[in-house]
Amino acid sequence: MPRKPEPFDPSEYFRKLSEGMRQQVHAPNLYRYKPHAKQEEFHRLPQKERLFVAGNRSGKSLASVVEGIWYLTGTHPYRETPPAPVRGRVVGVDFLNGIDKILLPLYKQWLPQEYLIDGIWEKSYSRERHVLTLNNGSFVEFMSQDQDLDKFAGTSRHFVHFDEECPKLIFDECLMRLVDTDGDWWISETPVAGMEWIFDELYEPATEAMARGEVPKVGLVEAAMSDNTYLPLQAKDRLLAMFSDEERLMREKGQYTTVTGQLFKAYRDRPTSEGGHVIPEWTPRDDGPGWESKWRIYLTGDHGFNAPTAWLWVAGDRHGNLRVFHEWYQKETTVQDHAAELHRYNTEMGFTPYLITGDPAMGQRTAVTGDSIVAEYSRHGIEIQTRGITRDKMVGINKFNQYLRDNPVTNMPFLTFTEDATNTRREVKGAKQARIVNKLVAARKNAPEGIREKDDHTPDAIRYLLTILPDLSYDDFKGKPTEKWFEVAGMLGGVSETHIGIARPRQSNQLAGGWREVGNEWMGME
């Protein structure tokens with residue numbers, strides 16, 4: 001028997017209406033959302049992939065939550081969204097703070113009750129599954145960065161919102177959930193954790209495209225605290241007074257700063273004609289007859305197997321100018337094959353390197369073979385000098401930054417790279433300061449020294465060479481170049497001007513030619 005409709009009660013009607021009005025005044029929902037200029041700019045971005053980089057309290061999280069609500073309810077004012085039921089995902093930093101204290105309260109406040117099951121939050125949100133389900137069948141699941149990676153697998157989603165910086169592995173796994181639906185994603189972040197991959201792969205390409213007047217693949221909006229017109233000015237000033245200048249730039253303006261860890265800050269990946277470090281394709285032979293009296297060839301390497309092995313050809317003149325002009329960059333390749341390629345290129349170009357150097361760890365003997373990488377290269381005719389290379393990484397890093405400075409005589413940096421040295425340029429540009437990832441641990445310890453051990457193969461090869469090259473002097477930077485070749489010879493123990501490096505003979509000929517035996521390993525020095 002059908003239920004009889006309850007009789008209309010005017011007093012109950014006006015009571016609920018009054019409660020709703022009070023709620024709109026003290027805790028407004030979607031119908032009273034008035035985005036400030038930067039929030040509206042974010043909502044209007046046409047791209048399916050978006051990045052909202054902003055200072056603390058700038059309204060980025062609110063704008064991203066409202067964006068999600070518009071998807072779930074089919075009420076987006078600026079773009080067409082999938083029809084209900086929509087499947088969404090929100091990834092927060094953690095459940096305790098990121099989800100329970102920030103994102104869920106925002107969803108609870110700004111999602112109108114009419115979209116809840118029976119108008120009741122408790123019926124719509126499952127605390128056990130961390131899923132909010134609307135009465136139109138749409139849902140959004142809340143996930144935390146500290147969950148296991150396999151938890152981010154599963155069925156497809158129509159959108160993913162990453163609140164704050166997200167590890168690359170989690171980001172990639174979530175993107176796979178958008179393939180079936182051609183779904184959308186957006187990140188709202190203040191760059192305090194220094195997730196370099198976001199800067200390298202999303203932020204910087206977007207800013208570079210915009211600087212060229214192009215539409216970037218990833219839509220980008222940047223906002224500062226001051227863009228949030230609803231934030232009390234005194235509270236903002238009181239909060240920011242506690243931070244350093246760099247920390248303030250991140251928290252107030254949402255800017256990427258040196259705290260994100262760029263190691264070679266002076267490097268500019270653009271042509272020297274535009275103030276950068278990149279020259280056209282070139283080899284010393286391009287300077288014509290007599291190039292040997294102008295340029296000395298150095299060969300420097302960083303060995304790996306699972307990680308790439310990098311060998312770089314560097315030309316140096318008498319006054320400290322260096323050009324990285326050729327690279328060999330391969331992984332899962334044997335020493336024999338590396339050596340064959342080094343011989344092939346040198347023979348083809350007619351080069352005899354003055355010095356071959358590399359990672360001093362290559363001189364260590366392994367427990368398996370009782371031999372070293374240096375000895376293995378030597379068996380294939382490559383004599384590597386590793387003496388004199390300190391294990392203190394900061395020595396080479398400091399020299400690297402020194403050589404990146406401009407030479408007032410040439411109006412170019414002392415250290416340049418040919419445009420076809422693509423792996424070298426990519427890794428120098430992306431080299432990061434080593435850091436402690438855990439924020440709580442980082443707050444209790446000094447920052448670690450050295451380069452982050454990821455994509456560091458060519459920068460390492462360069463710093464090994466620079467470690468045994470002379471420092472640039474005050475006179476060099478004042479346009480009074482000093483002779484460097486004899487300094488190099490002196491640092492290497494009285495080596496003459498004769499080109500040395502790749503061994504043509506084996507031991508008997510080396511002894512006859514005056515090669516030195518040091519520690520039972522042939523170092524390739526006259």
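The values are calculated or read from the model by the stated rules, or taken from the named source; none is laboratory data. Quick caveat, the model's predicted, so the values are computed rather than measured. Methodologically, a virtual Cβ is constructed for each residue, glycine included, from the backbone with ideal geometry; neighbour enumeration extends over all protein chains shown.
Mind checking which pairs have a first residue in segment 198-215 that is among the charged types (D, E, K, R) and a second that is modelled with pLDDT under 90 and surrounded by 10 or more Cβ atoms within 10 Å (Cβ to Cβ), Cβ under 7 Å, 6 or more apart or different chains?
Asp200/Gly430
Take Met362 and tell me if it is within 18 Å of Glu292 (Cα to Cα) and touching a Ser or Thr at 6+ places or on another chain (Cβ under 7 Å). It would help to see each step written out before you state the result.
Working: within 18 Å of Glu292 (Cα to Cα): no; touching a Ser or Thr at 6+ places or on another chain (Cβ under 7 Å): yes.
The answer is no for Met362.
How many residues, within segment 171-215, are surrounded by 19 or more Cβ atoms within 10 Å (Cβ to Cβ) and assigned to a helix (DSSP H, G or I)?
Residues in segment 171-215 being surrounded by 19 or more Cβ atoms within 10 Å (Cβ to Cβ) and assigned to a helix (DSSP H, G or I): 8 in total.
Find the residue count for segment 136-150, including only residues that are within 15 Å of Leu96 (Cα to Cα) and in contact with a strand residue (DSSP E or B) (Cβ under 7 Å, 6 or more places away or on another chain). Full working, then the answer.
Within segment 136-150, the subset within 15 Å of Leu96 (Cα to Cα) is 142-147.
Then drop every residue that is not in contact with a strand residue (DSSP E or B) (Cβ under 7 Å, 6 or more places away or on another chain), which leaves 142-145.
The number of residues fulfilling the criteria is 4.
Check whether at least one residue in segment 343-366 is charged (D, E, K, R), in the same structural domain as Trp291 (by TED's automatic domain parsing), assigned to a helix (DSSP H, G or I) and surrounded by 15 or more Cβ atoms within 10 Å (Cβ to Cβ), and report yes or no.
Kept after step one, since they are charged (D, E, K, R), are these residues of segment 343-366: 344, 348, 359, 365.
Then keep just the ones that are in the same structural domain as Trp291 (by TED's automatic domain parsing); that gives 344, 348, 359, 365.
Retained after the next criterion (residues that are assigned to a helix (DSSP H, G or I)): 344, 348.
Then drop every residue that is not surrounded by 15 or more Cβ atoms within 10 Å (Cβ to Cβ), which leaves none.
No, because not a single residue in segment 343-366 is charged (D, E, K, R), in the same structural domain as Trp291 (by TED's automatic domain parsing), assigned to a helix (DSSP H, G or I) and surrounded by 15 or more Cβ atoms within 10 Å (Cβ to Cβ).
Hey, can you tell me all the residues within segment 153-165 that are buried (at least 21 other Cβ atoms within 10 Å of the Cβ) and either modelled with pLDDT of 95 or more or not acidic (Asp, Glu) (or both)?
Arg157, His158, Phe159, Val160, His161, Phe162
List the pairs whose first member sits in segment 103-122 and is part of a helix (DSSP H, G or I), whose second member is among the acidic types (Asp, Glu), and whose Cβ atoms are under 8 Å apart, counting only residues at least 6 apart or on separate chains?
Leu103/Asp163
Restrict the check to segment 322-332 and report whether at least one residue is surrounded by 18 or more Cβ atoms within 10 Å (Cβ to Cβ) and at pLDDT below 95.
No - not one qualifying residue is present in segment 322-332.
Can you go through Val409, Val428 and tell me which one is of a type in the set (A, V, I, L, M) and either at pLDDT below 50 or not in a helix (DSSP H, G or I) (or both)? Steps first, please.
Details: Val428 fails: either at pLDDT below 50 or not in a helix (DSSP H, G or I) (or both).
On inspection, the qualifying residue turns out to be Val409.
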